[in-house]
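Visitor: Below are the structure tokens for one structure; questions will follow.
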Amino acid sequence: MRVVASLSIEGEKGAGAHNLRKRRIEIVSLTVIMGAQWGDEGKGKVVDLFSDEADLVARYQGGNNAGHTVVIGDKQYILHLIPSGILHDNCDALIGNGVVIDPAVLAEELDALIAAGFDPEKKLKISANAHLIMPYHKALDHLQETRRGKGKIGTTGRGIGCAYGDKVTRQGIRVLDLVSKDRFVEKTGEVIDFYRPLFEKVYGEAICTVDSVMDEVWPHAERLAKMIVDGVTLINDALDQNKRVLAEGAQGIMLDIDFGTYPYVTSSNPSPGGVSTGLGVSPRRVDKVIGIVKAYTTRVGEGPFPSELTNEQGEYLRAKGGEYGATTGRPRRCGWFDAAVVRRAVQIAGLDEIVLTKLDVLDTLETIPICNGYEFDGQKTNLYPLDRHNLDNLKLTMEEAKGWNQDITGVREYDGLPEKAQVYIQRLEQLIDCPVSAISVGPARDQIIRRTDRFLP
Ligand code: GDP
Ligand code: IMO
Ligand code: MG
């Protein structure tokens, strides 16, 4: 714990005097890692890497719509709910209250890690207040998307928005409800009765029964109940004990329910507010916020994407970058780096630094176009607009960087990068007004170029 300021407020003598009060303003070691585009920036790889220096990694929002890939040697692990730090012996893991949990998916993920030789149940804790994704949420997600037709959001179909919807309308079922079967059955029955007319009269579909929900969920209840904790105390105690804590975001800022490309967003806050509400830590405890940014842009699902390439260049990035969803396998839409998107993320999240990923994917290009801003009706802006209904009449302002045309996957030092790659990085730093502290040049753990001695403060 570093004390950065010591403030003493001394009251005046006499009537109405304040007592002498001393306050220490402390910066503690909570580092946040979040996606700064439309998700899939490489958060899994970076969190895994940084976890080597951490004592605890906590997921703060999202659910199993996330797919975070970690590559160790010739093995690839895709984590959907369990924090990506779980693969490190030194690191405990917490699923925070802001996450929505599908019990069967979590059980499956635990089994996969056990089969791979890890012992996740020894380390993983689950916040009692996290909400559950129930079978009717998944059914409703599909029914809503079908009903939206051409206007669909392109969700992952995992019931995410419907589970968060029940949380907000106050009929959610939480992890702590897994400890009492009677209570779980009663609550589930109430919610199913609530939804029955919607399913049957509006969608003309039968709703699941309490029995079928019990068949799906209850086999996992006892196992998950053993991991339930007061997550707020767990993380604040860890910080009080000077432990190094990483908060792992899912999705990305442009998918944020408040700041993203609404309604083509997810239903939680990947942005920094989500850290406080999703873990129960004061914003004063956040030491550093690190944005993960791809050296180009991708998005999966529907919604605006100004720098999207619907031609062979987009196909090239998809093929070279392996841009297929880690959760749904859908092809990701690809485009050039959009500085207006990342600049907006830097602004919203107050990013201290960026980890730039997948730079190697650009290795074979002669020239690399960069979108440095937009023009609307002759007006220039370098920030993704939040005050427009649509992006009609938007023109991209582009510039071109020179490609380095050289394999960089084996480079480990910044100075070892071709000069043109360094120029590309420096130009992105300038455009987004944020330093790049590390550069990822391949999926493997060691394919990283560090510009600092330590990842964590
Ligand atoms: P996340 O959701 O942000 O964790 O990202 P995903 O795991 O969904 O997608 C990132 C993909 O890129 C994964 O397949 C990673 O293994 C891979 N990846 C991560 N960093 C790099 C990199 O620097 N270069 C290349 N070529 N692949 C990378
Ligand atoms: P990670 O953590 C990329 C997208 C979906 C859809 C929208 C809403 O791996 O970066 P939802 O199922 O959340 O209601 O879908 O959000 N989406 C993601 N896109 N990466 C993700 O997670 C995503 N999670 C959700 O494709 O457009
Ligand atoms: Mg992903």
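Visitor: I need Ser212, Ser127 ordered by Cβ neighbour count within 10 Å, fewest first. Before the final figure, lay out each step's value.
Guide: On the way: Ser212 13, Ser127 30.
The order, fewest Cβ neighbours first, is Ser212, Ser127.
Visitor: Multiplying the sequence separation of His389 and Asp111 by 0.36 nm and subtracting their Cα-Cα distance, what value in nm do you get?
Guide: Numbers: separation 278, 0.36 × 278 = 100.08 nm, distance 4.50 nm.
Stretched out fully, the His389 to Asp111 stretch lengthens by 95.6 nm.
Visitor: Tally Lys/Arg at +1 and Asp/Glu at -1 over every other residue whose Cβ is under 12 Å from the Cβ of Gly157; what's the total?
Guide: Numbers: positive: Lys138, Lys152, Arg158, Arg330; negative: Asp102, Asp141, Glu145.
Taking every other residue near Gly157 into account, the sum is +1.
Visitor: Please give the Cα centre distance for region 426-443 versus region 55-91, rounded to the nearest Å.
Guide: Taking the Cα centre of each part, region 426-443 and region 55-91 sit 23 Å apart.
Visitor: What whole-number value in cubic angstrom gives the convex hull volume per residue for the C-alpha atoms of the chain? Don't jump to the answer; show the numbers that get you there.
Guide: Details: hull volume 84.1 nm³, N = 457.
Taking the convex hull of the Cα positions in the chain, it is 184 Å³ per residue.
Visitor: Using mean Cβ contacts within 10 Å as the protection proxy, how do 79-87, 260-268, 277-285 order, highest first?
Guide: Details: 79-87: 26.8, 260-268: 21.2, 277-285: 18.6.
Those peptides, ordered most packed to least, come out 79-87, 260-268, 277-285.
Visitor: Next question. Applying a 10 Å radius around every beta-carbon, put 406-416, 349-359 in order of their mean neighbour count, most first. Before the final figure, lay out the partial values.
Guide: Numbers: 406-416: 12.9, 349-359: 22.9.
Going by the mean number of other Cβ atoms within 10 Å, highest first, we get 349-359, 406-416.
Visitor: Would you work out the relative contact order for region 131-225, in percent, from Cα pairs under 8 angstrom that are 6 or more residues apart?
Guide: On the way: 88 pairs, mean separation 26.9, N = 95.
For region 131-225, the relative contact order is 28 percent.
Visitor: Which is farthest toward the positive dipole end of region 131-225 among Pro135, Thr188, His220, measuring Cα position about the Cα centre, with Cβ charges +1 (Lys, Arg) and -1 (Asp, Glu)?
Guide: Of the options given, the answer is Pro135.
Visitor: Can I ask one more? Add +1 for every Lys or Arg and -1 for every Asp or Glu among the other residues with Cβ under 11 Å from the Cβ of Phe376, and state the total. Working shown, then result.
Guide: Numbers: positive: Lys380, Arg388, Lys395; negative: Glu375, Asp377, Asp387, Asp392.
Neighbourhood net charge equals -1.
Visitor: Restricting to Cα pairs below 8 Å that are 6+ residues apart, what does the relative contact order work out to for the chain? Please round to a whole percent.
Guide: On the way: 1010 pairs, mean separation 86.5, N = 457.
Result for the chain is 19 percent.
Visitor: In nm, to one decimal, how far is the Glu366 label point from the Asp433 one, both placed 7 Å along Cα→Cβ?
Guide: That separation, rounded to one decimal, is 3.6 nm.
Visitor: In which sequence would Asp287, Asp453 go, from the one with the fewest C-beta neighbours within 10 Å to the one with the most?
Guide: With the sparsest Cβ surroundings first, the list reads Asp453, Asp287.
Visitor: So, R0 is 41 Å and r is the distance between the beta-carbons of Gln171 and Lys75; what FRET efficiency does that work out to, to 0.05? Walk me through the numbers before you get to the answer.
Guide: Values: r = 41 Å, r/R0 = 1.00.
According to the calculation, E is roughly 0.50.
Visitor: Oh, and also: Ranking request for peptides 110-121, 334-345: highest mean number of other beta-carbon atoms within 10 Å first, then the rest in descending order. Spell out each step's value before the answer.
Guide: Working: 110-121: 14.1, 334-345: 24.9.
Answer by packing, highest mean first, reads 334-345, 110-121.
Visitor: On the Cα set of region 298-347, report Rg and Dmax in Å, please.
Guide: Considering region 298-347 through its Cα atoms, Rg and Dmax are 11.4, 33 Å.
Visitor: First select every other residue whose beta carbon is under 9 angstrom from the beta carbon of Lys288; then total the charges, Lys and Arg +1, Asp and Glu -1. Kindly include the intermediate steps, with their values, before the conclusion.
Guide: Values: positive: none; negative: Asp287, Asp352, Glu353.
Surrounding charge for Lys288 is -3.
Read the figures in this text as sums done on the coordinates, not as results from a lab. This one's a predicted model, so the numbers in the text were calculated from it and none came from an experiment. So basically every Cβ, Gly included, is an ideal-geometry build from the backbone, and we count neighbours across all protein chains shown.
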